[in-house]
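I'd like to ask you about the structure that follows.
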Amino acid sequence: MCGIVGYVGSKEAFPILLKGLYRLEYRGYDSAGVAMLNGKLNMYKTKGKVSELENFVKGKDTSGTIGIAHTRWATHGEPNNVNAHPHLSQSGKLAMIHNGIIENYASIKEELLTRGYTFSSDTDTEVLIQLIEDIMVNEKTDLEEAVRIALNQVVGAYAIVVISKEHPDMLVAARKGSPLVVGIGEDEFFLASDAAPIIEYTKDVVYLNDEEIVVVKKNEKIRIKTIKNQLKTPYVQTLEMNLSQLEKSGYAHFMLKEIFEQPSSILDSMRGRLNAREGTVKLGGISEYEQKMKNAKRIIIIACGTSWHAGLVGEYLFEELARTPVEVEYASEFRYRNPIISEDDIVIAISQSGETADTLAAIELARAKGATIIGICNVVGSSIARATHAGSYTHAGPEIGVASTKAFTAQVTILTLMALRIAEMKGTVSKSRFHQLLSELEAIPNKVKDALKVDDQVKELAKMFIYARNFLYLGRGYNYPVAMEGALKLKEISYIHAEGYPAAEMKHGPIALIDREMPVVVVATNKGTYEKVISNIQEVKARKGKIIAIVTKGDKTVKELADYVLEVPETEEMLVPLLATVPLQLLAYHIAVMRECNVDQPRNLAKSVTVE
Ligand code: G6P
């Protein structure tokens, strides 16, 4: 959802900004732009990806030790050269980049138009920078104060960075609802949407809070104040991320790397938390709230996208193990339907990025109604992580491919640990069963390694389906969310229409779609409902659909019925999502690669959706 980078210091700004944009391209990639000061303000913008910007500026003046840069995911105005950021003020002295949406931009624009301002773009961003200049002129304030006054007038979300021709050594930035990190180097500062562009220069960072303004000036200390004019002491944190986590390490795509990282990312999610030998599950982050979770009358899980699918697995886990009723809600629906929430409710918010606007708003609503909020986030220090009462980080490492893979399995791992811990406290599982499940969970990373061995087979299989127009994914029980997640992966990156369905529901509608052209992926690893899944496969076969079945190693019956089978190792039914998801991720990946789609940056999508 737009990536922003800023630099001020003694080095040439442009190479730092450009590299930063590449690192943030997962956030949006429909247009890009950059502005540097060197006496003059040189600004270059293009439609398309960062590489197009790089080509466009070749041979042009990019000198200067201060600058700002942006990679966009369009909200207001189509992606084109004019709507790309930065945007200039009327005088051309100020330039600004922005992530977020200014909701009341239309009324501000109208007012500015009556006062003779002209606009070259359709963006809300241009309105905000004009407003800032208008305040500077009319109220005779400096830039910092004008930014502060302007931000008190706007409604919406923003992370902004402003440069001014009159201050060739200063950046003014602010955030509300969209993330912004300040990197503190030696006599130099970096600003970015996340730490990825900063990591190779410094590990000292300050995460800005909502409604804070930061001023960074060469040879001066960082200054932070709120938009209500209260000074704040910057809280400097040390980054734990390392550079290799941000690189492809020999893989063709980040997505493939992240799929193959799952044995270690799942292990990292469990590290220090699960001890099968001692028979313990410890989640330090939620220990203070465990009692409350144990006594909860109900758990509501809120999330979006892939994280919502992890939430569905969580529902099955908590109900089966801890016998607590669970509702799983799309955050966007939850927040607008006046939900019934009480102080006895536990809300679990799941988010890879920790920045999803709908999830954040849903948390605020539930908090205001007195619920206890537990977070499951991947990005440390993210807005959602900070908005919850307590939580457990997934520790899956940075996920860069837009289609979420390792974050999903890490979320499911944390949900499993949480459900097991609460079940242990409630006494809803026997001691021996508890120990058995812990040992099996501990074995999962190695079994994922095994599950990944189908890669070559999936590659062959993918060839058969690159021209398919539709796919159906079916599963029952724990495999129903797996089917939905498999379908989502395929449509996100290959643009083939795919639907995930509870297998038994197929006969109430989707069965009408089945003919010899229709590939149907059936996740058929179930133990409890094995016979039922077989009946569903028969129903598809009777209509000549092509069956791709995910089966447990050694399965015979499904193998005979299915056109193609992919095996995963045997495990406990409730842990199957951690294994059965893997071949589905690979299937989507290989089909998308063969269709020559941009796997890591699929069209129209963004990794982190910080707008509604
Ligand atoms: C976007 C991403 C999805 C992700 C969803 C929720 O749509 O493209 O991959 O699942 O947001 O994101 P979150 O960061 O809250 O898990």
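Every number here is computed from the coordinates shown, using simple stated rules; none is lab data. The shown structure was predicted, so the numbers you read here are calculated from the model rather than taken from an experiment. Cβ atoms come from the backbone with ideal geometry, glycine included; neighbour counts cover every protein chain shown.
Could you calculate the contour length gain from ARG298 to GLU78, that is, 0.36 nm times the residue separation minus the distance between their Cα atoms, to one decimal place in nm? If you can, show how the numbers build up before the last one.
Details: separation 220, 0.36 × 220 = 79.20 nm, distance 4.36 nm.
In short, 74.8 nm is gained.
Which value, to two decimals, describes the C-alpha radius of gyration of the chain once divided by 2.2 N^0.38 Å? The partial results should precede the final answer.
Values: Rg = 25.4 Å, N = 612, 2.2 N^0.38 = 25.2 Å.
Scaled against compact globular proteins, the figure is 1.01.
How big is the shadow of the Cα convex hull of segment 10-100, averaged over all directions, in nm²? Don't jump to the answer; show the numbers that get you there.
Numbers: hull surface 22.8 nm².
Answer in nm², one decimal: 5.7.
Ok, one more. In degrees from 0 to 90, rounded to the nearest 10, what is the angle of the helix 576-594 Cα long axis to the longest principal axis of the chain?
Orientation of helix 576-594: about 60 degrees from the principal axis.
LYS426 to LYS527: FRET efficiency via 1/(1 + (r/R0)^6), r the Cβ-Cβ distance, R0 25 Å, to the nearest 0.05? Show your work: numbers first, answer last.
Numbers: r = 24 Å, r/R0 = 0.98.
After rounding, the FRET efficiency stands at 0.55.
Here's something else I'd like to know. What is the Cα centroid distance between segment 524-592 and segment 245-275, reported in whole angstrom?
Using only Cα atoms, the two centres lie 25 Å from each other.
Over all directions, how big on average is the projection of the convex hull of the alpha-carbon atoms in segment 554-601, in square nanometres?
Values: hull surface 18.1 nm².
Mean orientational projected area (segment 554-601, Cα hull): 4.5 nm².
Something else about it: If the convex hull of the alpha-carbon atoms of segment 404-469 is projected onto planes in all directions, what is the mean projected area in square nanometres? List each step's numbers first, then the result.
On the way: hull surface 26.1 nm².
The orientation-averaged projected area of the Cα hull of segment 404-469 comes to 6.5 nm².
Is there a pair in LYS463/LYS546; LYS49/LYS248; LYS176/LYS232; LYS11/LYS60; LYS45/LYS491; LYS282/LYS431 whose C-alpha atoms are over 20 Å apart, and which pairs would that be?
Values: LYS463/LYS546 14 Å; LYS49/LYS248 18 Å; LYS176/LYS232 16 Å; LYS11/LYS60 18 Å; LYS45/LYS491 31 Å; LYS282/LYS431 16 Å.
Cα-Cα > 20 Å for LYS45/LYS491; rest within.
Give me the aspartates and glutamates in straight-line cross-link reach of LYS556: C-alpha distance below 12 Å, same-chain residues under 8 apart excluded.
Result set, ordered by chain and number: GLU567.
Given the peptides 130-137, 499-506, 248-255, arrange them by the average over their residues of other C-beta atoms within 10 Å, most packed first. Walk me through the intermediate numbers first.
On the way: 130-137: 22.1, 499-506: 20.4, 248-255: 16.8.
Highest mean packing first, the order is 130-137, 499-506, 248-255.
For a quick check: sort SER439, SER121 by the number of other beta carbons within 10 angstrom, fewest at the front. Please report the intermediate quantities before stating the final value.
Numbers: SER439 14, SER121 19.
Fewest-to-most ranking of SER439, SER121: SER439, SER121.
Placing +1 at every Lys and Arg Cβ and -1 at every Asp and Glu Cβ, with all other atoms neutral, what dipole size does the chain have around its Cα centre, in debye to the nearest 20?
Values: 71 positive and 77 negative charges, 148 e Å.
The dipole of the chain has a size of about 700 debye.
I'd like to know which of PRO263, ILE222, ALA196 lies farthest towards the positive end of the charge dipole of segment 182-306, counting +1 on Cβ of Lys and Arg and -1 on Cβ of Asp and Glu.
Selected residue: PRO263.
Can you figure out the FRET efficiency of ASP344 with ASN242, using R₀ = 41 Å and their beta-carbon distance, to the nearest 0.05?
With R0 = 41 Å, the Cβ-Cβ based efficiency is 0.45.
Moving on. Once all Cα-Cα distances of segment 479-592 are split into 10 Å bins that start at 0, what whole-number percent is in each one?
Pairs per bin, as whole percents: 14, 51, 33, 2.
Using only Cα atoms, find the angle between the long axis of helix 305-317 and the longest principal axis of the chain, and express it within 0 to 90 degrees, rounded to the nearest 10.
The answer is roughly 40 degrees.
I want to verify the translational diffusion coefficient of segment 269-315 in µm²/s; compute it with Stokes-Einstein, Rh as the Kirkwood radius over Cα pairs, at 4 °C and 1.567 mPa s. Numbers along the way, then the final one.
Values: Rh = 12.8 Å.
Value of D from the Cα-based Kirkwood radius: 101 µm²/s.
Can you give the helix-only mean residue ellipticity at 222 nm for the chain, where every DSSP H stretch with n ≥ 4 adds -39500 (n - 2.57) and the sum goes over all residues, rounded to the nearest 500 deg cm²/dmol?
Numbers: 19 runs with 216 residues, N = 612.
The helix-only estimate for the chain comes to -11000 deg cm²/dmol at 222 nm.
Remind me, what semi-axes does segment 522-567 give for its equivalent ellipsoid, largest first in whole Å, using sqrt of 5 times each Cα gyration tensor eigenvalue? Working shown, then result.
On the way: eigenvalues 48, 30, 11 Å².
Each semi-axis is √(5λ); the values are 16, 12, 7 Å.
May I ask for log10 I(q)/I(0) of segment 217-258 at q = 0.21, 0.27 Å⁻¹, from a Debye sum over the Cα atoms as equal point scatterers with solvent left out?
Computed log10 I(q)/I(0) values: -0.76, -0.99.
Related question: For the Cα atoms of the chain, what angle does the longest principal axis make with the long axis of helix 455-464, in degrees from 0 to 90, nearest 10?
That works out to roughly 90 degrees.
A further question on this structure: Under unit Cβ charges (Lys, Arg +1; Asp, Glu -1), what dipole magnitude, rounded to 20 debye, does segment 90-216 have relative to its Cα centre? Kindly include the intermediate steps, with their values, before the conclusion.
On the way: 9 positive and 23 negative charges, 53 e Å.
Once rounded to the nearest 20, the dipole reads 260 debye.
Once amide H atoms are placed 1.01 Å from N in the peptide plane, what residues at a sequence separation of 5 or more from VAL521, or on another chain, have their amide H within under 5 Å of its amide H?
LEU472, TYR473, LEU474, ILE548
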